Amino acid sequence: MKLNGNAYPEGSFKIIESDAPDMEIIDAMLTGKGPYNVPVYVVRNYYNQEDCNHIKETFCQIIDDTLGGNRIEDFVKVHQIGSTQFKKTTLEYFEECERSSADINRLIAVVKDDKARNDFMFEQTFKTYYSHKSIDFRPSSYAGKFCNMMTARRWNNNTELSLLAHEDSSQLLVAAIDQYEICNVKQVIALNLCVENSNGAELILWNIAPNMESKVSLGLENTGYPYALELLEGIDYLTLKTYPGDLYFINANYIHAVSKQKENKRISLGRFIGYAAENKVVYWT
């Protein structure tokens, strides 16, 4: 079978790097328009090593205390703190957000740098930028409840990849059942913070965002996970090395994965962001 779908033109299928956040690049990724619309953008060394070490130590402690965190044992192999919308009803997702919020707050609290803690995951940067455009930026909500700021995870797959090839737009079909506002997002952008990557695992992103016909034929229209590697043969791809303190954005409509190393030591924090309406940008996990 051949995968069909959208692909970036040759000149745009690239990684942009900077030492400070550029909201024009991030917004171009969210809208899918303009010269800065690329699949991957990384801000190097945004957080210091000391704060990353504090987050790593607290993550490991919580994982030990909770015997693995909020993990999905039989599908995606992961040690995780916080809730994910993946394979859950909307109500289940928000109930788990409530149960795990204390642990999320515990991770944020260990950041010693005041500026980094107050603008964690660019929270204030986003609010300020979009307020000037008369756009509401906030956590996504449902029935009066709000999602957490992020999740923390260590992927634990033991095959050729530590996180199998997947995309994150298919999950939105499940959100549509309950009319959860993220179902209106067209471009799903993932924001991640690298906390630990001592084994050098790499992000891999292929230049294909599968269309619905391809998803349905594979039975992946509600999950987007996993895509067999043989389906991706011959498709251009990018690789990104990340280091503790790097913040990176990827177009999660496109198939991506994390390479496998001898040990799964890679820890990252993450959330998804998207336009839920012309004047509303929301995030979820």
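Screening SER268 with (1) open to solvent by less than 10 Å² (accessible area, probe 1.4 Å); (2) of a type in the set (S, T, N, Q); (3) within 17 Å of MET29 (Cβ to Cβ) gives one miss only, at (3).
If a residue has to be open to solvent by 80 Å² or more (accessible area, probe 1.4 Å) and either touching a strand residue (DSSP E or B) at 6+ places or on another chain (Cβ under 8 Å) or modelled with pLDDT under 95 (or both) to count, how many in the stretch 1-17 make the cut? Residues that pass the stated criteria total 6. The single condition from (1) touching a helix residue (DSSP H, G or I) at 6+ places or on another chain (Cβ under 9 Å); (2) outside any loop (DSSP other than H, G, I, E, B); (3) farther than 21 Å from TYR36 by Cβ that PHE272 fails is (3).
Within the stretch 20-31, being open to solvent by 30 Å² or more (accessible area, probe 1.4 Å) and either assigned to a strand (DSSP E or B) or modelled with pLDDT of 95 or more (or both) holds for ASP22, GLU24, THR31. Among the residues of the stretch 144-187, the ones that are of a type in the set (A, V, I, L, M, F, W, C) and farther than 22 Å from ASP27 by Cα come to 12 in all.
Per-residue answers, yes or no, for (1) more than 23 Å from LYS2 (Cα to Cα); (2) among the polar types (S, T, N, Q); (3) in contact (Cβ under 8 Å) with a residue 40 or more places away in the chain:
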residue	(1), (2), (3)
GLU167	no, no, yes
VAL195	yes, no, yes
GLY200	yes, no, yes
ASN211	no, yes, yes
VAL216	no, no, no
GLY219	no, no, no
GLU230	no, no, no
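For the stretch 75-147, the helices (runs of 4 or more DSSP H) that sit wholly inside it and include 3 or more residues that are surrounded by fewer than 16 Cβ atoms within 10 Å (Cβ to Cβ), of a type outside the set (Ser, Thr, Tyr) and modelled with pLDDT under 95 are 114-118.
If we keep just the residues of the stretch 34-51 that are free of Cβ contacts under 8 Å to residues at least 40 places away in the same chain and within 16 Å of TYR129 (Cβ to Cβ), which is least open to solvent (accessible area, probe 1.4 Å)? Out of the qualifying residues, it is GLY34. The set of residues from the stretch 1-40 being among the acidic types (Asp, Glu) and out of contact with any Phe, Trp or Tyr (no Cβ under 9 Å at 6 or more places or on another chain) comprises just one member, GLU10.
The values are calculated or read from the model by the stated rules, or taken from the named source; none is laboratory data. None of the values given here were measured: they were computed from a predicted structure. Cβ sites come from the backbone with ideal geometry, for glycine too, and all protein chains shown count toward neighbours. Keep in mind that these areas ignore ligands, DNA and RNA; they rest on the heavy atoms of the full protein, side chains included. Shrake-Rupley method; radii C 1.70, N 1.55, O 1.52, S 1.80 Å.
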